[in-house]
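S.K.: Pasting a structure below so you can have a look.
The values are calculated or read from the model by the stated rules, or taken from the named source; none is laboratory data. Computed from a predicted structure; not experimentally measured. Note that we place each Cβ from the backbone using ideal geometry, even for glycine, and neighbour counts take in every protein chain shown. Remember, those area values only see protein heavy atoms, side chains included, never the ligands or the DNA or RNA. Shrake-Rupley method; radii C 1.70, N 1.55, O 1.52, S 1.80 Å.
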Amino acid sequence: MDRRPEGVVTFLFTDIEGSTRRWEADAAAMRIELEAHDDALRRAVEGCRGWLFKHTGDGVCAAFERPGDALEAAAEAQRCVGLPVRMGIATGEADRRGDDYFGPTLNQVARVMGCAHGGQVLVAGSTVSLVDGFDLVDLGVHRLRDLTAPVGLWQLVGDGLGREFPSLRTVDPAPGNLPRPSTTLLGRDDTVAAVAEALESAPLVTLVGVGGVGKTRLALEVAHTVADRFPDGAWLVELAAVLDGSDVADSVAAIFSIAPPADGDWATAVIDALTGRRLLLVLDNCEHVLDGVVGMVDGLAARAPDVRVLATSREGLGTQGELAWPVLSLATGPGSVASRLFAERVAAVAPDVDLSGHVEDIAEIGERLDGIPLAIELAAARVRSMSPAQIRGHLDERFRLLTGARRSTERHQTLRAAVQWSYQLLSESETALLDAVSVFVGGFDLEAAIAVCGAAVELDEFEALDLLDSLVRKSLLQVDRSGPGVRYELLETIRQFAEERLADRGTAAATRDRHAAHFAERAEAAFAVFRSPAEAEAYAFVDREIANLRAAFEWAAEAPDPDAAVRIAACTHEIARFRLRTEAMGWSARVVDRARDAGHRLLPLLLTMACDGAWSRGELEEAEALGREAVAVADDARYEPFVWAYSDLATIAFYRGDVDRGIELLHAGADHPADEHDRFMLSLALFYRMLMGRPLPEAELERAVAHVEAGGFPTAIAGAWGAESQALADRDPARAEALGAKAVELLQTCGNRLLERTAWAVLATRAASEGDPRQALTAFSPIVDAWAANGDAALARAMLDLARLLADLGDDAAASRILGAVNRIVALAEAADLTTQLRHRMGDARFEAELEIGASHDLAVSADLAHEAIQRARSAVDG
């Protein structure tokens, strides 16, 4: 029976929620779960008389002739699948072209699915009207992204299906620019309802109250509540930064992109533009520009009666028709709204803190802060390092600092005043240390604090600990205990304030010099660890400190002495690259001329990393020149020897098709005394000999592998095991597979993500050659993800192998596009055979067209297309 419906079709689209995080957390487990997911969906669709016509990476698209079959298939799939899958169903006309469909119905079902959460099945009204006998919950009419007409949505419920989910992921029901609040509004439900009702008749409602009482938050809640009444949207105009009343109309005009008036009369231009519209205008922080706001509101009331204005101010506007609505403080006392707010905010910043024994302290905090939400939230933030009782004892000066000046920006004044107040409680040593640590980016540890700030504050380790502990207790530093050691972090507001003070002290340059010198020392130490059995520790260091390393390099790169910049660049590049990080790319090239002029001791290493970065971007000629220079100076007594450039030059030779030269270079590197340190060149020589079909005799290979293992460098050991696995492939396939898996596991354990992906490519290619294309296709998925992340030329051969596999499976178009994407990064001589094959089968015109399409895409699009091709191929293999 042909199950390819035409005309009016019901579509089921699915997608795995949070799939990227799952791939990152455990790619091997995700591959297994995805296979089970695909199988469950295929069985459900086909069992309900549907046609699964497309895989979308982590989801499917299916078509049904009968709407009820689509609902049955969705319910059955949700009961069987073990992953959080969101599903959408819609019905309408669609054009089928070959094995795909086109038309607006597909856009609708995609948007319906996008509104759902994992485990939820959403059904559009176009389908609901055609089915009976299903348990459907009406979720109302919603506006969906990119769809002009609102869509009625229902949720399919029943045995084995979830019922309770978060709010739908729909767009706002009307145009506007209202931000979505990130926290819950407590204790204001009655007020929200009352103000919303008042806006039915009142042209202007002004929320009036003291600073920090929550006027803005209340206004946003009301605006979201009533937004669907206004076809032309709800719009927020923030006036806090407007310093003169004459600029109010200008600010409103900017929100609506109103063209500058020829006569400069912005107020009239705004009123003209809004006349005839039905919208809500939220004017926030009006107290310092009252005259300008009143003129604007009066003009709107006279000529644009369908515009409603919701204003916030510390005092009423005093204009005709205004309803001034007082915003009161929260109720206080044990169990009150103020206490609930404090507890909720504490749970957000310090979820491990137990407040059960502090009911009276919390109640008093709320009372002494007059139930003002902003003040309570600031106090709650201090629970990171202070008890509620300690917080209560430090509130004597809070009232003055939280109110702000009438003519200043309220929230900025409040934040600055809060920090200034905190500074007033510090000793000179504490302020000096806090100012100095503002040079850190992304946090710091005790060692870094002493090295960078000790000179400014004259600290030993115990004194530094005491000061840091004091700053934590006073909520000026945060503590992160998630890693192997304690790290300290500054809120960005505090860091910027401290940075200003550091500049005022005149010690910023000296402190940044120490920061750069410290991270140069740490980077060089990490590079030594990197080439040792503790390789994983180097990756952890770079992951943890990359922001500090980048800041230190950028500062040092402009310094008169290039030493720190050279050390950071040379010692960070390869560690970061092996982690699939791109931050350090190009650092070495930026300082190589200065290192050469200075005769820096790390010149061979720096040249190697500059060469490495160049060929990873496909710049082979530049890379070759740098690599040759690195090899030439490797034996110069002025420099510390380093020979990894031999592998870079070998890679370039392989890319150009000169296998003999590549192997010769790798052996030259392996024979150099400097390779005794980590045996990486020997490992690569073994690996590439096998990969290029030039194996060593068995006994010689075993001796070489033993030498590599003795070096203790996990990445090198994994490469040697990979070579040994290749050598065993024909005579002992089971042992070869186990050894190959062991090599991949070692790369995963030590953290080398780049070479782990290349190892997967070898296993994938072997699986394909052994007649298991499905396993090969599964193995290529993480490689495609890595390619999308950084487009490293080291992955080009792997992507070429994927293109070959797809061509062997009959998908010449996808193979050509992937080949085009590879060619855009680097030209591989070994791609010639595939090019000839595809050109012959497809014809010149079609091949060139597909090749050009592939070359035109960015990495993300190329990866998406590759994933889609993999899914199609898997479906075809499964039959």
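S.K.: Tell me which of Tyr101, Leu763, Ala350 sits at the most positive position along the dipole axis of the chain, charges placed on C-beta atoms (Lys, Arg +1; Asp, Glu -1).
M.R.: Tyr101
S.K.: Follow-up question, since we're still on this one. For the chain, find the longest principal axis of its Cα atoms and tell me its angle to the long axis of helix 773-790, 0 to 90°, nearest 10.
M.R.: Compared with the principal axis, the helix lies near 60 degrees.
S.K.: Still on this structure, please answer the following. When only alpha-carbon atoms count, how far does the range 1-103 stretch along each of its three principal axes, as whole angstroms with the largest first?
M.R.: 43, 24, 22
S.K.: Could you rank the peptides 279-285, 139-145, 862-868 by their average count of other C-beta atoms within 10 Å per residue, with the highest value first?
M.R.: So the peptides 279-285, 139-145, 862-868, ranked by packing, come out 279-285, 862-868, 139-145.
S.K.: Which order do the peptides 149-157, 757-765 take when ranked by the mean count of other beta-carbon atoms within 10 Å per residue, highest first?
M.R.: Details: 149-157: 18.1, 757-765: 23.1.
The packing order, highest mean first, is 757-765, 149-157.
S.K.: In the range 210-331, what percent of the accessible surface is made up of carbon and sulfur (1.4 Å probe, ligands and nucleic acids excluded)?
M.R.: The C+S portion of the solvent-accessible surface of the range 210-331 is 52 percent.
S.K.: Of the accessible area of the range 641-747, with the probe set at 1.4 angstrom, what percent is carbon plus sulfur?
M.R.: On the way: 2200 of 4330 Å².
Here it works out to 51 percent.
S.K.: Which residues' amide hydrogens lie under 5 Å from the amide hydrogen of Val441, considering only partners 5 or more residues apart or on another chain, with H built in the peptide plane?
M.R.: Placed amide hydrogens put Asn548 under 5 Å from Val441.
S.K.: Evaluate the relative contact order of the range 776-825 (contact order divided by residue number), counting alpha-carbon pairs under 8 angstrom at least 6 apart; express in whole percent.
M.R.: On the way: 29 pairs, mean separation 16.7, N = 50.
It rounds to 33 percent for the range 776-825.
S.K.: I need the shape label for the range 471-602. Rule: rounded when a/c is under 1.5, else prolate if a/b > b/c, else oblate, with a, b, c from the alpha carbon gyration tensor. Each step should come with its number before you reach the end.
M.R.: Values: a/c = 2.38, a/b = 1.24, b/c = 1.92.
Oblate shape, in that a/c is at least 1.5 and b/c is the bigger or equal ratio.
S.K.: Let me ask another. May I ask you to compute the full-extension gain from Glu24 to Asp244, defined as 0.36 nm times their residue separation minus their alpha-carbon distance, rounded to one decimal in nm?
M.R.: Gain in length upon complete extension: 74.1 nm.
S.K.: If you don't mind, there's one more thing I want to ask. Asn107 versus Asp469, label points 7 Å from Cα toward the beta carbon: distance in nm?
M.R.: Output for this residue pair reads 6.4 nm.
S.K.: Please compute the contact order of the chain in relative form: average sequence separation of alpha-carbon pairs under 8 Å and at least six residues apart, divided by the residue count, as a percent. Present the calculation step by step, with values, prior to reporting the outcome.
M.R.: Working: 1494 pairs, mean separation 54.0, N = 879.
Relative contact order here is 6 percent.
S.K.: Rounding to the nearest 10 and keeping the result within 0 to 90°, find how far the Cα-based axis of helix 753-769 lies from the longest principal axis of the chain.
M.R.: Roughly 60 degrees, rounded to the nearest 10.
S.K.: Which net charge results when you count Lys and Arg as +1 and Asp and Glu as -1 among the other residues whose beta-carbon is under 12 Å from that of Thr275?
M.R.: Charge balance near Thr275 sits at 0.
S.K.: Which value, in Å², gives the accessible area per residue of the chain when a 1.4 Å probe is used on the protein heavy atoms?
M.R.: Value for the chain: 42 Å² per residue.
S.K.: Any idea what angle helix 359-368 forms with the longest principal axis of the chain, computed on alpha-carbon atoms, 0 to 90 degrees, nearest 10?
M.R.: Around 60 degrees separate the two axes.
S.K.: Further question: Report for the chain the percent antiparallel among DSSP-assigned beta bridges with both residues inside it, nearest 5.
M.R.: Antiparallel: roughly 60 percent of the beta bridges in the chain.
S.K.: Further, regarding this structure: Measure off, as a whole percent, the carbon and sulfur share of the 1.4 Å-probe accessible area of the range 572-625, all protein chains present.
M.R.: Within the range 572-625, the accessible surface is 44 percent carbon and sulfur.
S.K.: Now, a different point. With no solvent and one point per C-alpha, what does the Debye sum give as log10 I(q)/I(0) for the range 725-814 at q = 0.15, 0.20, 0.26 Å⁻¹?
M.R.: -0.56, -0.95, -1.35
S.K.: Show log10 I(q)/I(0) for the range 616-676 at q = 0.12, 0.15, 0.20, 0.21 Å⁻¹, two decimals, from a solvent-free Debye sum over equal Cα scatterers.
M.R.: At q = 0.12, 0.15, 0.20, 0.21 Å⁻¹ the computed log10 ratios are -0.28, -0.43, -0.72, -0.79.
S.K.: For the chain, compute Rh as the Kirkwood radius over C-alpha pairs and then the Stokes-Einstein diffusion coefficient at 37 °C and 0.692 mPa s; write the answer in µm²/s, rounded to an integer.
M.R.: The diffusion coefficient I find is 102 µm²/s.
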